[in-house]
Amino acid sequence: MTEKELPPISLNDYKYDLPDERIAKFPLKERMNSKLLVYNSDKIEHAVFRSLSDYIPEDTALFFNDTRVIPARLHFRKETGAHIEVFLLEPLQPTRDVAQSMWIKGSCQWKCMVGNLKKWKDEQVLELVLPMHDQPVTLKARVVDRSTQIIEFTWDDDYTFVDVIQAAGKIPLPPYINREVSEEDKERYQTIYSHHEGAVAAPTAGLHFSDQVLEKLQQKGVTLNYLTLHVSAGTFQPVKEENVINHPMHSEQVVITMKNIDALLENPKVVAVGTTSMRTLESLYWYGVKILLKNDTGFNIEKLLPYQFEGSALPSAHEAFVAVKKLMTETNRQTLIGHTEIFIFPGYEFKVCKGLITNYHLPGSTLILLVAAFIGENWKKIYEEALNNDYRFLSYGDSSLLWPSAT
């Protein structure tokens, strides 16, 4: 099915008025003190995030995204004084695997977004001297391909790339926060369970969790499961198409383990912590569909794949996950690495997720579309309620727990 064959979805239907003063520019001191709006069917209840376990049924399987934000903004200065900012987007050489790219030594190439590129000549090498364990190390950068903004980095091969960018880079706060990065952001813009470096934006629904909240959930009998989606800068890309289906979705790397598959097979009561976890889980289902119906074992979920099976008899989530497990067993793999550009908008039928924990998102964004797909037109009621009750919005803002029907 092509984009033109799908009924158009108007961007204006998914906008709302967000005053700048409602955007949280700084995080709360205590993560778990954020407000929590609980939506179940048509009812709204106001709570505090530290009481989350009161609203999650026992035996629920929570799925968290354990990606870790890298300091992806690198600032170079030419001898003339011109400032060049290099924003890391995705690795290309010697590996496209985000996790592996962090451990490369000596040199690598990344697709980047470069500010002031016109002042950086092709043959010019920019340098940044870094204090590394009392030993200065020079990070060098040159343009490999100007049209696609591919940049090559070289440095002392005693160090990994993650060592170098930890010393050189800045945490890439979302543009709408509109302030300089502070020392506090280095850890506060990470979830407490972040583990695998590679994201350029935090999975912000997880920023509210504290050790205390996680412990109370486990005491109740909720299982905690961790998968990985390395959030790309595309998550901030505004939707400009009036028919939102024409929006070019970004591709992001996902990592799934056999342990994840087993958890999904054992417990269908799945709640996603954040839109990135939800996108990963739903993508995993469609990977199982590709295996079963297309005999296609390539883990690459195209933007409109879920909308290509209208009228088809689709496998259940259990059948899809069994197919994925069978493939992993036959190929002797404990981990799957894939890519997804799945676009979830109203009309999508959720196959895996029964609940969603998420923050409040930008008007007219792909994330609003996902929320609207999950709970329907009542997303407007929820956002209006949050605005009327002084909730803080966006990445450093407050939280919601959404159940699309009585659970």
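The values are calculated or read from the model by the stated rules, or taken from the named source; none is laboratory data. Keep in mind the model is a prediction, meaning the values are calculated, not measured. So basically every Cβ, Gly included, is an ideal-geometry build from the backbone, and we count neighbours across all protein chains shown. In case anyone asks, the SASA skips ligands and DNA or RNA and just uses the protein heavy atoms, side chains included. Shrake-Rupley method; radii C 1.70, N 1.55, O 1.52, S 1.80 Å.
Residue by residue, segment 30-44 carries 3J(HN,Hα) couplings of 9, 3, 7, 8, 5, 6, 10, 8, 10, 10, 9, 6, 9, 9, 10 Hz when phi is fed to the Karplus relation 6.51 cos²θ - 1.76 cosθ + 1.60 (θ = phi - 60°); x denotes Gly or Pro. For Y226, the amide hydrogen comes within under 5 Å of the amide hydrogens of F64, counting only partners 5 or more places away or on other chains and with H modelled in the peptide plane. Pairs from the table (K216/K380; K35/K303; K105/K170; K25/K354) lying more than 28 angstrom apart at Cα are K216/K380; K35/K303; K25/K354. In a Debye calculation with equal point scatterers on the alpha-carbon sites of segment 264-365 and no solvent, what is log10 I(q)/I(0) at q = 0.12, 0.20, 0.21, 0.23 Å⁻¹? Per q value, in the given order, log10 I(q)/I(0) is -0.40, -1.11, -1.21, -1.42.
One Cα centroid belongs to segment 149-174, the other to segment 176-232; the line between them spans 22 Å. Can you classify the chain as rounded, prolate or oblate using the Cα gyration tensor, where a ≥ b ≥ c are the square roots of its eigenvalues, rounded means a/c under 1.5, and otherwise it's prolate if a/b beats b/c and oblate if not? It is prolate, given that a/c is not under 1.5 and a/b is the larger ratio. Taking the Cα centre of segment 38-139 as reference, the dipole from Cβ charges on Lys and Arg (+1) and Asp and Glu (-1) amounts to some 620 debye. Assuming charge only on the beta carbon of Lys and Arg (+1) and of Asp and Glu (-1), the dipole of the chain about its Cα centre is about 180 debye to the nearest 20.
Estimated at the nearest 10 Å², the accessible area of R392 is 60 Å² with a 1.4 Å probe. Residue-wise HN-Hα couplings along segment 371-381, as the Karplus relation 6.51 cos²θ - 1.76 cosθ + 1.60 with θ = phi - 60° gives them from phi, are 4, 5, 5, 7, 10, x, 4, 5, 4, 5, 4 Hz; Gly and Pro carry x. Relative to the longest principal axis of the Cα atoms of the chain, the long axis of helix 275-289 lies at roughly 70 degrees. Against the chain, whose longest principal axis comes from its Cα atoms, helix 317-330 is set at around 50 degrees.
With a ≥ b ≥ c taken as the square roots of the eigenvalues of the C-alpha gyration tensor of segment 189-257, please select rounded if a/c is under 1.5 and otherwise prolate if a/b is larger than b/c or oblate if it is not? Can you show the working numbers first?
Values: a/c = 2.44, a/b = 2.20, b/c = 1.11.
Verdict is prolate for segment 189-257.
Could you tell me whether segment 101-246 comes out rounded, prolate or oblate from its Cα gyration tensor? Rule is a ≥ b ≥ c as square roots of the eigenvalues, rounded for a/c under 1.5, then prolate if a/b exceeds b/c, otherwise oblate. List each step's numbers first, then the result.
Values: a/c = 2.26, a/b = 1.41, b/c = 1.60.
Oblate shape, in that a/c is at least 1.5 and b/c is the bigger or equal ratio.
How high is the relative contact order of the chain, given as a whole-number percent (alpha carbon pairs under 8 Å, six or more residues apart)? Don't skip to the end; give the middle numbers.
Values: 825 pairs, mean separation 97.6, N = 407.
Relative CO of the chain lands at 24 percent.
Relative to the longest principal axis of the Cα atoms of the chain, the long axis of helix 211-220 makes an angle of roughly 30 degrees.
Here the Karplus curve 6.51 cos²θ - 1.76 cosθ + 1.60, taken at θ = phi - 60°, turns the phi angles of segment 194-210 into couplings of 4, 9, 9, 5, x, 8, 10, 8, 7, x, 5, 4, x, 5, 8, 6, 10 Hz, with x standing for Gly and Pro. At q = 0.14 Å⁻¹, work out log10 I(q)/I(0) for segment 1-153 with the Debye formula, treating every Cα as an identical point scatterer and leaving solvent out; two decimals please. After summing over all Cα pairs, the log10 values are -1.00. Amide H to amide H, with H built 1.01 Å from N, N300 comes under 5 Å of H339, counting only residues 5 or more places away or on other chains.
Global dimensions of segment 108-173 from alpha-carbon coordinates: Rg and Dmax equal 12.4, 38 Å. With the whole protein complex present, H75 retains an accessible surface near 50 Å², based on a 1.4 Å probe.
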